[in-house]
Amino acid sequence: MDDRGQMADDKRPSVVRYPSSVVHASAPGKIILCGEHAVVYGRPAIAIPISQVQATATVEPAAPGASLTLHAPDIGLVLRLDEAPPDQPLAAIVRGTLAHLGVEAPDATITVRSTIPVASGMGSSAAVSTAIARVLARYLGAPLERAALSALVYEVEKLHHGTPSGVDNTVIAYEQPVYFVRGQPIERLTIRGRFHLLIADTGVPSLTRLAVGDVRRAWEADPATYERLFDEIGAIVRAARAALESGDVARLGPLLNANQERLRQIGVSSPELERLIAAALAAGASGAKLCGGGRGGNMIALVSPTTQAAVAEALRAAGATRILFQEIGG
Ligand code: PMV
């Protein structure tokens, strides 16, 4: 056993083994297909992992006594765990994971990177936390169940978003399409048929926390209207689930449009989102809506192999700063 392992044996449970080489882990981004905002108020949402964008984390051993250091080169952050404030999200997921595993911080450097655009409705914060918790558990040779991982990430999501529904950490930790209802056991979705989506970025960053806060104030001021809108979204999500599970591609487009109409009424759309949505529909998409917190960030368009190229071109011409193609099901 090397020096580091010897030291660990002195201080830590014997199950903990410290590899001498670098350990990697990753976590996907996500989209909310339908149900955002209403999901905060107990209605269902459908979310899908998007592995084309990812957060990755690595742990490399450091010299004994060097402490644990967090390194996020994308944002120019270098932080010692023992000097990080309690509400620093990267430190919080490390502390939560170590506490859950019942071990002390190893002498190591955790480096985290992400290709998921921030503040754009694609789950960047939850994916970064998930990758860190995963890589740490892997480095320590300790098992970390998906349910526990999701719960750890949820605690850090509270630091980012205030009152998150839990949908982001769930879909990202499980890496499967989910039908999510706050506080209920996760339901994995089996999607039949093939659905083709374009995910287009308005390029306008938008903090979910602000949109969620505005919706809460509007709901408090006019609960009857907002409860009705949330109920209508809930019914749309249930119908979308049936369409996905039966492979009824034709049915999904109008449901996405109906969801977008409610999101407009809730007050979370924006001129940039509306421009992309209108362009996608005019170019042949069968449905289009914002995804995530809204006010900016990404939108999705349901396309077919025949309409995909024209819709992508229209989105580009309407100002989309990045377009991803995602096939789901099949
Ligand atoms: O903006 P995102 O991708 O974090 O999605 C937020 C989804 C909301 O329903 C608006 C908030 C939540 O916590 O579910």
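Observations on the structure shown:
- Flag: Tyr154 does not match the condition of being more than 12 Å from the ligand (Cβ to nearest atom) and on the phi < 0 side of the Ramachandran plot.
- Residues considered: Val237, Val215, Val204. Of these, the only one that is in contact with a Ser or Thr (Cβ under 9 Å, 6 or more places away or on another chain), within 14 Å of the ligand (Cβ to nearest atom) and hydrophobic (A, V, I, L, M, F, W, C) is Val204.
- Any hit, the stretch 305-320, residues being in a loop (DSSP other than H, G, I, E, B), of a type outside the set (S, T, N, Q) and at pLDDT below 95: no
- Among the residues listed as Ile110, Ile116, Ile132, the single one being in contact with a strand residue (DSSP E or B) (Cβ under 6 Å, 6 or more places away or on another chain) and in a loop (DSSP other than H, G, I, E, B): Ile116
- Gly296 meets the conditions (1) in a helix (DSSP H, G or I); (2) within 14 Å of the ligand (Cβ to nearest atom); (3) of a type in the set (Gly, Ala, Ser) in every case but one. The failed one is (1).
- Any hit, the stretch 273-284, residues being in contact (Cβ under 8 Å) with a residue 24 or more places away in the chain, surrounded by fewer than 24 Cβ atoms within 10 Å (Cβ to Cβ) and closer than 27 Å to Pro164 by Cα: no
- Here is the figure for the stretch 65-117: residues that are within 14 Å of Val156 (Cβ to Cβ), without any contact (Cβ under 8 Å) to a residue 24 or more places away in the chain and within 22 Å of the chain's Cα centre (by Cα) total 3.
- Complete set of residues in the stretch 235-288 that are of a type in the set (Ser, Thr, Tyr) and farther than 23 Å from Ile323 by Cα: Ser246
- Residues that are farther than 22 Å from Gly296 by Cβ and without any contact (Cβ under 8 Å) to a residue 40 or more places away in the chain, drawn from the stretch 226-257: Arg228, Glu232, Ala235, Ala239, Ala242, Ala243, Ala250, Arg251, Pro254
- Taking every residue in the stretch 20-47 that is over 25 Å from Arg238 (Cα atoms) and part of a strand (DSSP E or B) and pairing it with any residue that is among the aromatic types (Phe, Trp, Tyr) and more than 13 Å from the ligand (Cβ to nearest atom), at least 6 positions away or on another chain, the pairs with Cβ-Cβ distances below 9 Å are Val23/Tyr139; Ala25/Tyr139.
- Qualifying residues in the stretch 167-178 (those that are buried (at least 24 other Cβ atoms within 10 Å of the Cβ) and not β-branched (Val, Ile, Thr)) - the one nearest to the ligand (Cβ to nearest atom): Asp168
- When the stretch 183-204 is filtered for residues that are more than 19 Å from the chain's Cα centre (by Cα) and of a type in the set (D, E, K, R), the ones remaining, listed by number, are Arg192, Arg194.
- Exclusive hit being under 19 Å from Ile300 (Cβ atoms), in contact with a strand residue (DSSP E or B) (Cβ under 9 Å, 6 or more places away or on another chain) and away from the ligand (no atom under 12 Å from the Cβ), set Ile186, Ile191: Ile191
The values are calculated or read from the model by the stated rules, or taken from the named source; none is laboratory data. Fair warning: this is a prediction, and the values are worked out from it, not measured in the lab. Cβ: placed from backbone, ideal geometry, glycine included. Neighbour counts: every protein chain shown.
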